[in-house]
């Protein structure tokens, strides 16, 4: 402990804007016959730690308790609404200690599940409970604080400096927005549905993937791997690893997650060359497409995502031949005319992507030579899209490309329908990854494979 307490003190001091509490030094008493941690008041620097706080004795957890108690003294010196005797201040002391010593606490010290499993999930974001003993309000506080830190990406220094007498006001001071409670609750309710035991064993489950998945499943055989939303650094390694095993990206999707792009893909057996290009603006993607075309490599999967004022493009390139035209993001009125013009020239949608920017759905596609019927349906809610899928299926038309965007009114579905070889087809819409993964496994056991995938950020 002596080897770490000074460094931990310096870290806390930095988080609290280089504040130095009064009445230093800290006097630390470790009692061998008790558990828990305490001090006489929020500003008291005589700290008592119980060695029996965990069984067996865990030195790292004792250090975590020490940081939590020191933090409360810093709160008293710093002010800004942080109150060690209230739910917001108790929550802060726990999350900072857990950040320095993650995962060392015994299960009975974890409070998040107590709030998640409480009837109605009381609102301790807009309200602050005047006690540091209620695991319901503490659980709400630690989750919200960790959400701001690890889901939204603000630093502890920023969060602490924005402190106020409620966590909702802290969020407002931090972001300038008033939607913190709604955003947080929407994510919690989607990830941990009410009325079902959360099973959470940590106070920091973040970052959570706030992404829903849609897929098209058709008969197939052989291996299949479906990879959920991950940053390019991870997807790059995934692609290379599967390529060495003879598995290729058959479907690709990108989705904007705050300031990052997340990638999802379906991998199936194949052979030959493959190049996957991460998110780029059209100015550079157009050059990439031309260069690969000159090498005999064609777009076989395409996805786009709006990020701020930009639209970014990601694509899979595989060997091919013949003509190819790729159009950049267009609103439906323009894109529909483009589809019709190419259709009259015998060019069909080989890959399609969609995104939403400033409330307008934009479409991008690669066109290749083909024949027969083709229907492209634009952004429809599931209530009308599902009957469309059924109607085309009865006509022998199958979804060969799919893209989903999240609007303020819910997910909107776009798809390309072409004649198929017959057989089964299932289209799943808007599943969280846990349920989507289970459905993939169920279909795989039935010989049904994902031929298309799309993902979107969920709106509140």
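Values as computed for the structure displayed
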quantity: Taking the C-alpha atoms of segment 276-351, convex hull volume expressed per residue in Å³; calculated: 85
quantity: Mean separation of Cα contacts under 8 Å (6+ apart) over length of the chain, as relative contact order %; calculated: 13
quantity: Cα radius of gyration and Dmax for the chain (Å); calculated: 26.7, 85
quantity: With Cα atoms, 0 to 90° folded angle of helix 180-191 axis to the chain main axis; calculated: 70
quantity: Pair-distance profile P(r), taking every C-alpha pair of segment 243-323, with 10 angstrom steps and integer %; calculated: 18, 47, 29, 5
quantity: Rounded to 10°, Cα long-axis angle of helix 382-394 versus longest principal axis of the chain; calculated: 30
quantity: log₁₀ of I(q)/I(0) at q = 0.19, 0.33, 0.34 Å⁻¹ - segment 214-256, Debye sum with one point per alpha carbon; calculated: -0.67, -1.39, -1.41
quantity: Relative contact order [Cα under 8 Å, 6+ residues apart], segment 370-458, whole percent; calculated: 33
quantity: Mean Cα-pair separation over length for segment 211-457, i.e. relative contact order, pairs under 8 Å, 6 or more apart, %; calculated: 28
quantity: Cα convex hull volume per residue for segment 2-191 (Å³); calculated: 111
quantity: Calculated FRET efficiency for the pair residue 172/residue 223, C-beta based, R₀ 56 Å, to 0.05; calculated: 0.65
quantity: Cα convex hull volume per residue for segment 211-457 (Å³); calculated: 122
quantity: Tilt relative to the chain, helix 87-100 - C-alpha long axis, 0 to 90 degrees, to 10; calculated: 70
quantity: Calculated on alpha-carbon atoms, Rg and Dmax of segment 105-252 in Å; calculated: 19.5, 60
quantity: Computed helical MRE - 222 nm, the chain, DSSP H runs ≥ 4 contributing -39500 (n - 2.57), nearest 500; calculated: -10500 deg cm²/dmol
quantity: Binned Cα-Cα distances of segment 332-446, short to long, each 10 Å bin given as a whole percent; calculated: 13, 40, 36, 11, 0
quantity: Pairwise centroid distance, computed over Cα atoms, of segment 307-352 with segment 50-82, Å; calculated: 58
quantity: Whole-Å semi-axes of segment 15-85's equivalent ellipsoid (Cα gyration tensor); calculated: 23, 12, 10
quantity: Three-way shape label, segment 31-128, alpha-carbon gyration tensor, a/c 1.5; calculated: oblate
quantity: Gained length - residue 236 relative to residue 424, 0.36 nm times residue gap less alpha-carbon distance; calculated: 64.4 nm
quantity: Cα gyration tensor, segment 51-94 - rounded (a/c under 1.5), prolate or oblate; calculated: prolate
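Values in this text are rule-based calculations from the coordinates and carry no lab data. Treat the numbers as computed from the prediction; the structure is a model and nothing was measured. Counting neighbours? That spans all protein chains shown, and the Cβs are built from the backbone with ideal geometry, glycine included.
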